[in-house]
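Below: the structure, in structure tokens.
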Amino acid sequence: MLDGAVMGVSIGTLALGGFVFADKMFKQGTATQSLEMKVCFATTFTLSALLLELIIFEILDVLEDGFRHRAWRWTLILALFNLIVAIPVQTCHSLAASLAGSSLRRLVLTAALYSAFLVGFLFLERDRSLWRLLSVSGAISRIGVIGVATIAVLSGSGAVFTPFKFVSYFRQDVPQYQVDELRQQLEQSRALLDQKRQQRDRHQRHRGYTRAQTARVRSLFCVMSPLHTITNTITITITTTTATITTTMACVGGFVRQMAANLQELEQARSNFREAGTIKGRVKHVIGICLSLYCVFKVTTATISVILGLTKKTDPVTRLMKIGVSLLGFDIDVERWSQQFSFILVGMIVLASTRNMLLKMVKAFSVVAGAGRIKDAVLFVLVHIMGMYFVSMVILMRMNVPIKYRGIITEVLDGVEFNFYHNWFDKIFLLSAVSCAGVIYFAHSTSASRFKF
């Protein structure tokens, strides 16, 4: 009874938080009022966060073993159904609705797109048997290919950009006149957008009036009369002009959003530069150095793992504690304290990964706001990627907990080749880090050569 109450409160809290977050994010970033989209985001977030929460419950031994096992099984099944059936069908239907006109064409196009998705999903793994496809391990193995790659790309870029974000050495002052010029351009662009919006509203009112006049002329005169032809021509012209203004508004709106993001970055860079001399800035500088050293360590270990083909067997907490006991001679109970430190590490990873993914989603949703008719389909794709990201975190998190707590994850994910995904993560992580470092070097070289003469 108590276990059910704990799970009920957890599910309700996560669902409410996900829905409120989606509502605020969509209003600010994409201005969509689709209830279907908000429910999809809230459902995906709830199931994904619940999987990560169950890892913490496993370490703390919060729930009864049998209940916790059933919670793992059903949460994972619902998450996989959401990622393989619910979201792809919604994505295909949304894309078909933006491309096809009649209901029959939408249905046929939706079926064709979903069939193409299933074929592509089937080819993500070598074993393409029907039994493997319908099993939990087969489904999560295929999802893990994309999800782990997403985690690795974000982690690799974060490992390169972290020093530039925290270390004071890389902070540059932004002149105030640049901020003022960009703010003035932004205000002018917003004024232009308001002007276009007013023009569109006037044309829409005029089009409604013209249609009413056309209907009145049609009722009084024959369809072939010159007056009817003139009113019909005016209606077509107004409709074409309205469509042109709407297209222009979409372009100007995307430009305004990009300028607003650039202005925010400039203001943040200027604020960070002024903050560098304060106590808070110095603390961030020290934290940035520590994070930079960790990023260098992570890139180095990933490189060694890729070159030598090493596999991880011990979680980092237990490994560090054993090293401390053997080298420094500490007399501590490794098994007892590994549980406490593993809980802290796993909790930090869960919170950091959730925060990082939600911030990426906010930025991605604000960019997608100008995607036009296919905006909803693109939003569903982003929610789909978010779901695969969190489910794949379960595969990678298994190595971050002591062996005694891995049993439930290994049992639920029976048949998943964990070593493959760790090697896959290291390869994509290294490729992402090297690519981001190359982009930064190229941008710095281009900027330096521009002012060389």
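No value in this document is a laboratory result; all are computed from the given coordinates. Source: prediction; values computed, not measured. Using ideal geometry, Cβ is built from the backbone for each residue, glycine included, and neighbour counts are taken over all protein chains shown.
Work out, step by step, the length gained on full extension between Val89 and Leu382: first 0.36 nm times the residue separation, then minus their alpha carbon distance; give nm to one decimal.
That pair, Val89 and Leu382, stretches by 104.1 nm at full extension.
Run a plain Debye calculation on segment 46-86 (Cα atoms as equal point scatterers, no solvent) and give log10 I(q)/I(0) at q = 0.15, 0.18 Å⁻¹, rounded to two decimals, same order as the q list.
Debye curve over Cα of segment 46-86, log10 I(q)/I(0) at q = 0.15, 0.18 Å⁻¹: -0.35, -0.48.
With 10 angstrom as the radius, rank Tyr389, Tyr294, Tyr177, Tyr114 by how many other C-beta atoms surround their C-beta, starting from the fewest.
Tyr177, Tyr294, Tyr114, Tyr389
Which aspartates and glutamates, if any, have their Cα less than 19 Å from the Cα of Lys375, not counting same-chain residues under 8 positions apart?
List returned: Asp23, Glu36.
So what's the net charge close to Gly387: Lys and Arg +1, Asp and Glu -1, counting the other residues with Cβ under 14 Å from its Cβ?
+2
Which of the three applies to segment 1-123, rounded, prolate or oblate, going by the alpha-carbon gyration tensor with a ≥ b ≥ c and a/c under 1.5 meaning rounded?
Since a/c reaches 1.5 but b/c is at least a/b, the shape of segment 1-123 is classed as oblate.
Most exposed first by the Cβ proxy, i.e. fewest other Cβ within 10 Å, how do Ile59, Ile87, Ile146 rank?
The fewest-first ordering by Cβ neighbours comes to Ile146, Ile59, Ile87.
Compute the whole-percent fraction of alpha carbon pairs in segment 103-191 spaced more than 21 Å apart.
Of all Cα-Cα pairs in segment 103-191, 66 percent lie more than 21 Å apart.
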